[in-house]
Structures are given as C-alpha cells and as structure tokens.
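Read the structure below first, then the notes.
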C-alpha cells in the first residue's frame, strides 16, 4: 500500500474529512506514546479489580459485600458498552482529540471517586463513571492512532498489530499482578489511585501535543439513537449476567429485560433509517469488509470469553489453585500475544496481508480452544500453559488487525463510527458468549453431576464432590468445543475477506 500522506504537508485530507494540521515527527512519536500508555491503562483496568475483590469487600462491607461483587465487576462493562456508539459519532462530529481528552478526564474522575469510596454502593457508582470514560480509552485511542498514521500509510499495517499485541500482552500480564500487589502491600484504593498520575500525564500530553484534524462542518448528533443503543446493550449484558444465575431464564425479570432489549433494538434500527445523521449508519453494513469485520469481531469476543473465564474457573474449582496464582496462568497467554506483536511488523514486511493475520489468528485460537476441550481433572498444568500460549499467539495476530481492516474500508467521514463499532460488536460478543457458555455448562453439569447445579458443588463432600468435579470438567470441555466452533466460524468468515482492504 503506497504512502499517500506526508506529515510535512501543512494541510491534507484526513480520514474524518477535515484538514490535518502540520505534524512534526516529534509530535507524532509523542502522540503514539500517549496512545500506547492509554491502551495499557485500558487493558490493565479491565482485570485489575478482579484480584482485589476480597480486600475491597472486607474493608467496605464484610457482611453483605460478597453479594455486590458482580455489580462491582459489571458496572464498568455496562457503562462502557452503553457509550461506545456515541463515542464514535462524536469523533466524526467534533474531532477525535476533544473526545479523547474528554474520555480520559472522565476516566480519571471515576478513578478518583473509586479510590475515595466509603461504601460498596459508592464504589459501584464510581466504577460506572469510570466505565463511561473507559469506553473511550481503547476505542477512541484507535481512532487517534489511525489519524496519526494517516490514510494510506503503509506502515500502519504491521505497526498496528505490533502495538496491539505488545500492549495487550503487557496489560494482561500486569493487571492481576498489579492489583494483587497493591491490595496486599498498600491498599486496594491504590488500584484506582495509580491511574491518576499516569492519566494526568496522558491528559497533559494530549492537550499540548496531539495534532489531529477537526471536522470542517459541525453535524447533529443522534442522541435518541445513542440512548436506544445503550438501552439495548445494557439489557443484553444484564440478561447474560443474571440469566441462569441470579434469576431463572424463564423469570419475569429476564423475560422483561429480553423483551425490553428486543424493543430497544427494533426502535434503534428504525431510528437509524430515519435519522438525518444516524449514530451507527446502516449504510456501513453495505461495505463487505466492514460487515465481515464487525461479525468476526463479535465472534472473537464471544470465544475470548470462553477462553479466559472458564480456564480460570477450571484452575480454581477443579485444581484448587488460589485466585492470585490462577491469574499467573495468563502470563503464557500474554507472552504469546507479546511475541506475535514483536513479529507482526516483520511478517507484514514479508508480505502478510491483514487477511492473512486474521485468518492465521482465528485458526490458531480455534486450535487452542480445541486442545483445551480435551482437558481432564489430571491434565498437566504445563500443557494448559502451552495451550494458553498458543491462544495468546492467536489473539495477538488478531489484535488491531480487524479494526484496521474496518478503518481502511469505511468511508473517510465515518472513521470514528467504524472504529467504535468494531469495539461495540466485540462487547456484545462478550455478553452473548457469557450467556451461551454459562447455559451450556449448567445444562451439562445438571445432566450428570450431583447436587443439581454448579453452585452446590462447594457443599459436596467425598465421592459426591469428586463426581461433581468430573461433571464440571466435562461441562467445561463442551464449553471449549462450542468456543472452538465459534472461532472456526470466524475463520470461515476470514476467508471471505479480500487480500487487502482499500479505502473507498
């Protein structure tokens, strides 16, 4: 792909359709560094809280706090998913720099409020505020990276994979370790306060250094469409979070949420056909690469949920490994992502197209999930580490590539919507994967395990407990088979991608 943009030019066309100010090499490098640190913050913050839930509960609400842990974890995800479509439209409307600064500032306010919380209720509310900002840390940062690279910048193909693999791998390894270390040696509050000095530095650098285009014409924002998208995504996440666990799938609460989500989706789709400037233009789905990219991202999101959550459950429940030690099993996965990240740019120079990256990544991840499906109660832990290493290599090949494919194929003035749309579909995939895999595990366990449900396993003793562990392992094997099938479906879709993704 030939280079068509020179940063030495005083003004040139940009992905947003505006005019790009002159950007020096120094400003560009600092901009990339700002983006790297921001992505690292986003990846770390996704899993840093999981390592400190026990100290948090013991400090804030030792009597009833355990029951509120799911809300502590999901509040961030719910808020993040709700604002993703709006972030994309704002990037295309007022410019990515303003949205980036606003997202980072909101994230910092939420982090400060989390650290100062005096009750579980306050912490959950503050975590939601943090999630509103966190929804933009990854998605808007990818828009900023695309604009720093410029349209048609051939260096971006390998660089995106290299950056994504390295940072995601480092964040995955650092998150649980950092959370556990801060909680044990300082205070759980520092898992939130640690964001402040880093985030303030990012904010200051972004304000002073980032030189990004501004949309030449102000546009209206479809706030009603954004609200309907938020209502649908929150309903879907709550159904998958509560269904089969807190409430039966046939309960009025789950049926009401599912019905409300379906109505919100129908209204949202209708709104997108009638709004003057829709929040997620349906015309984008007419572009084959965009349509395929969104679908593959959703399937990858669902399969990732099976890979991470159920490996951790297996290690802790079946093998009796403590949560902190189980988190260290993510290190091989992070190593795989990091190694592929280091190799991505070299592979790109040797002729690997983005289609090749996506196809190889989905096949490797499907193979790793298939191998995990052979796990028994006595499987070597080193074998599991090797399978997670392969899983990390597969995901490392995918990180950044799908987003870049979508960015390259989407119309220039819809870069922000296309970028956050990919992240939005991954989030929805996570939610659907959680619901489907949880149901599969419960059904398999209930058909052969003692005690009726997985929640009763901890109360079993002797032979009944051994039978329950075997039944749970069998259920997880089925989950991994389904996840491998989902990833294989993503690989089939990847074969339909063009060898390159020229911008329209």
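The values are calculated or read from the model by the stated rules, or taken from the named source; none is laboratory data. Bear in mind that the values here come from a model prediction, so they are computed numbers and not experimental data. All Cβ positions, even for glycine, are placed from backbone atoms using ideal geometry, and neighbour counts span all protein chains on display.
Restricting attention to the range 258-280, does a residue exist that is free of Cβ contacts under 8 Å to residues at least 40 places away in the same chain, buried (at least 19 other Cβ atoms within 10 Å of the Cβ) and over 30 Å from residue 401 (Cα atoms)?
Restricting attention to the range 258-280, the residues satisfying the condition of being free of Cβ contacts under 8 Å to residues at least 40 places away in the same chain are 258-267, 269-270, 273-274.
From what's left, buried (at least 19 other Cβ atoms within 10 Å of the Cβ): 261, 264.
Right, trim to over 30 Å from residue 401 (Cα atoms) and you get 261, 264.
Yes, that holds for at least one residue.
So which of 285, 294 is under 30 Å from residue 394 (Cβ atoms) and without any contact (Cβ under 8 Å) to a residue 12 or more places away in the chain? Working first, answer last.
Numbers: 294 fails: without any contact (Cβ under 8 Å) to a residue 12 or more places away in the chain.
None of the others qualify; the one that does is 285.
Got a sec? Which of 72, 60, 78 is over 23 Å from residue 434 (Cβ atoms) and out of contact with any strand residue (DSSP E or B) (no Cβ under 7 Å at 6 or more places or on another chain)?
On the way: 72 fails: over 23 Å from residue 434 (Cβ atoms); 78 fails: over 23 Å from residue 434 (Cβ atoms).
From the options 72, 60, 78, the qualifying one is 60.
Report yes if residue 293 is modelled with pLDDT under 90, out of contact with any strand residue (DSSP E or B) (no Cβ under 9 Å at 6 or more places or on another chain) and either surrounded by 21 or more Cβ atoms within 10 Å (Cβ to Cβ) or part of a helix (DSSP H, G or I) (or both), otherwise no.
Numbers: modelled with pLDDT under 90: no; out of contact with any strand residue (DSSP E or B) (no Cβ under 9 Å at 6 or more places or on another chain): yes; either surrounded by 21 or more Cβ atoms within 10 Å (Cβ to Cβ) or part of a helix (DSSP H, G or I) (or both): yes.
Against the criterion (modelled with pLDDT under 90, out of contact with any strand residue (DSSP E or B) (no Cβ under 9 Å at 6 or more places or on another chain) and either surrounded by 21 or more Cβ atoms within 10 Å (Cβ to Cβ) or part of a helix (DSSP H, G or I) (or both)), residue 293 does not qualify.
Which ones in the range 332-351 are farther than 17 Å from residue 390 by Cα and in contact (Cβ under 8 Å) with a residue 40 or more places away in the chain?
Result: 345, 346, 347, 348, 349.
For the range 394-422, what are the residues that are surrounded by fewer than 24 Cβ atoms within 10 Å (Cβ to Cβ) and in a helix (DSSP H, G or I)? Please lay out each step first, then the result.
Applying the first criterion (surrounded by fewer than 24 Cβ atoms within 10 Å (Cβ to Cβ)) to the range 394-422 yields 409, 411-413.
Listed by number, the residues that qualify are 409, 412, 413.
Just one of (1) assigned to a helix (DSSP H, G or I); (2) within 24 Å of residue 493 (Cβ to Cβ); (3) modelled with pLDDT under 85 trips up residue 369, so point out which.
Of (1) assigned to a helix (DSSP H, G or I); (2) within 24 Å of residue 493 (Cβ to Cβ); (3) modelled with pLDDT under 85, only one is false for residue 369: (3).
Condition check: closer than 18 Å to residue 194 by Cα and modelled with pLDDT of 80 or more. Does residue 107 satisfy that? Talk me through it step by step, then tell me what you get.
Numbers: closer than 18 Å to residue 194 by Cα: yes; modelled with pLDDT of 80 or more: yes.
It is true that residue 107 is closer than 18 Å to residue 194 by Cα and modelled with pLDDT of 80 or more.
Of the conditions (1) in the same structural domain as residue 104 (by TED's automatic domain parsing); (2) assigned to a loop (DSSP other than H, G, I, E, B), residue 245 fails just one. Which one is it?
Among (1) in the same structural domain as residue 104 (by TED's automatic domain parsing); (2) assigned to a loop (DSSP other than H, G, I, E, B), the lone unmet condition for residue 245 is (1).
Give me the pairs: first residue in the range 235-257 and in contact (Cβ under 8 Å) with a residue 40 or more places away in the chain, second residue buried (at least 16 other Cβ atoms within 10 Å of the Cβ) and not in a helix (DSSP H, G or I), beta-carbon distance under 7 Å, and six or more apart or on different chains, which are they?
As it stands, the answer is 249/243, since those pairs meet every condition given.
On the given criteria, is residue 390 surrounded by 15 or more Cβ atoms within 10 Å (Cβ to Cβ), at pLDDT 90 or above and within 20 Å of residue 472 (Cα to Cα)? Reasoning before the result, please.
Numbers: surrounded by 15 or more Cβ atoms within 10 Å (Cβ to Cβ): yes; at pLDDT 90 or above: yes; within 20 Å of residue 472 (Cα to Cα): no.
In short, no.
Could you tell me whether the range 342-355 includes any residue that is under 17 Å from residue 297 (Cα atoms) and out of contact with any strand residue (DSSP E or B) (no Cβ under 7 Å at 6 or more places or on another chain)?
Yes, the range 342-355 contains a residue that is under 17 Å from residue 297 (Cα atoms) and out of contact with any strand residue (DSSP E or B) (no Cβ under 7 Å at 6 or more places or on another chain).
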